[in-house]
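Step one of this worksheet: look at the structure below.
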Amino acid sequence: MIETKFTLGTLTLAALDNQEAGEVIIGLHGFLDNAASLRPLAPYLQSYRFIALDLPGHGRSSHRSEDAHYHQLDFIQDLYAFIQSEGFNRVILLGHSLGGILASLYAAIFPEQVKGVISIDACGPLTKSAQSSAKQIRDSIVSRYNKTRSIPRLVDLDDAVKSRCQLTDIQPEHAKVILQRNLTTDASGKSYWASDPKLRTRSTLRLTDTQAEALMSGIDCPILFLAASNSFKNVHDVYSERADWFSQGRCEVFQGGHHIHMEKTQEVGTAIRQFVEQL
């Protein structure tokens, strides 16, 4: 995978790109992750143009402006701009966690642009009841008040890895790969966070189940859900409840945690390749 950048107006999207010929597969990482989390899948996609993006504010991509925040649908806007600027047609979207949600949303909104979706440990949008709307908006506003880019803070990678592993079920070696890309190093060798601290705020307003179902029912391409057996996401159970939302959906379960594609790369990579070959 080759380090590259794409310019979208005032934004610069960093990416890992295999620069192969063939159909385009766009990789979308999870919340607070980056393109490095999807790099292990590259060997299984050598017959395709595989581009794993750093979403704005993540990894080596630029941050949004000082007066802006990070709304989920803005990432859909970014993806649309990227696809249009590159002139891609009928892409395949491969996403993990937040990236899987974005992939399914994009396929619902622009079905004519998407040939297939692979969603790793995510099954459509996260939802909340309409009755919780006022609280969601209030919590979001409070969390974003005075939230600005802080003075660069020195980071010890080993300590950051330990902290990440305490919060999630990720393995230390996988956390290290991801976190290294979320850091920037100065001339003296000191490391600082490169990701935007404004990412760590509350969502403004989640969809309701009714809205999510209406959107997901608009996906007219095959969609493969890859569920991790030990993940807090419980995707297999969620899919069982939502299966009727997807006209061409299916779910496969793998033994492991939330970053199942890093834990069981051969199994997951093979399943993805087989799915793509059948599109």
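A straight chain from THR265 to ASP220 at 0.36 nm per residue would run longer than the Cα-Cα distance by 13.4 nm. In this structure segment 154-279 gives 53 Å² per residue of accessible area when probed at 1.4 Å with all protein chains present. Compactness ratio for segment 226-272: Cα radius of gyration over 2.2 N^0.38 Å (N = residue count) comes to 1.15. For ALA227, the amide hydrogen comes within under 5 Å of the amide hydrogens of ASP121, GLU252, VAL253, PHE254, counting only partners 5 or more places away or on other chains and with H modelled in the peptide plane. The three principal axes of the C-alpha atoms in the chain carry coordinate ranges of 51, 47, 39 Å, sorted with the longest axis first.
The fraction of accessible area contributed by carbon and sulfur in segment 199-255 is 43 percent, rounded to a whole number (1.4 Å probe; ligands and nucleic acids excluded). Carbon-plus-sulfur accessible fraction, segment 154-197 (probe radius 1.4 Å, protein heavy atoms only): 51%. How much net charge surrounds LEU98 when only the other residues with a Cβ under 14 Å from the Cβ of LEU98 are counted, with Lys and Arg +1 and Asp and Glu -1? That works out to -2.
Note on segment 114-206: Cα Rg divided by 2.2 N^0.38 Å, N the number of residues, gives 1.40. Taking label points 7 Å from Cα along the Cα-to-Cβ direction, LEU154 and LYS190 give a separation of 0.6 nm.
For the chain, relative contact order (Cα pairs under 8 Å, six or more residues apart, normalised by length) works out to 20 percent. Quick check on my link table: of LYS128/LYS264; LYS128/LYS198; LYS5/LYS128; LYS162/LYS198; LYS135/LYS198, which ones sit more than 25 Å apart, alpha carbon to alpha carbon? Check vs 25 Å cut-off fails for LYS128/LYS264; LYS5/LYS128. Annotation: Cα Rg of segment 182-222 relative to the compact-globule expectation 2.2 N^0.38 Å equals 2.15. For segment 130-279, the Kirkwood estimate of the hydrodynamic radius, built from every pair of different alpha carbons, is 18.8 Å. On the principal axes of its alpha carbon atoms, segment 12-119 extends 41, 28, 24 Å, with the longest extent given first. Could you give the Stokes-Einstein D for segment 181-250 in µm² per second, using the C-alpha Kirkwood radius, 10 °C, 1.306 mPa s? In µm²/s, the coefficient rounds to 100.
The values are calculated or read from the model by the stated rules, or taken from the named source; none is laboratory data. In this text, all values refer to a predicted model and were calculated from it rather than measured experimentally. Neighbour counts are summed over all protein chains in view; Cβ atoms, including those assigned to glycine, are modelled from backbone coordinates with ideal geometry. In case anyone asks, the SASA skips ligands and DNA or RNA and just uses the protein heavy atoms, side chains included. Shrake-Rupley method; radii C 1.70, N 1.55, O 1.52, S 1.80 Å.
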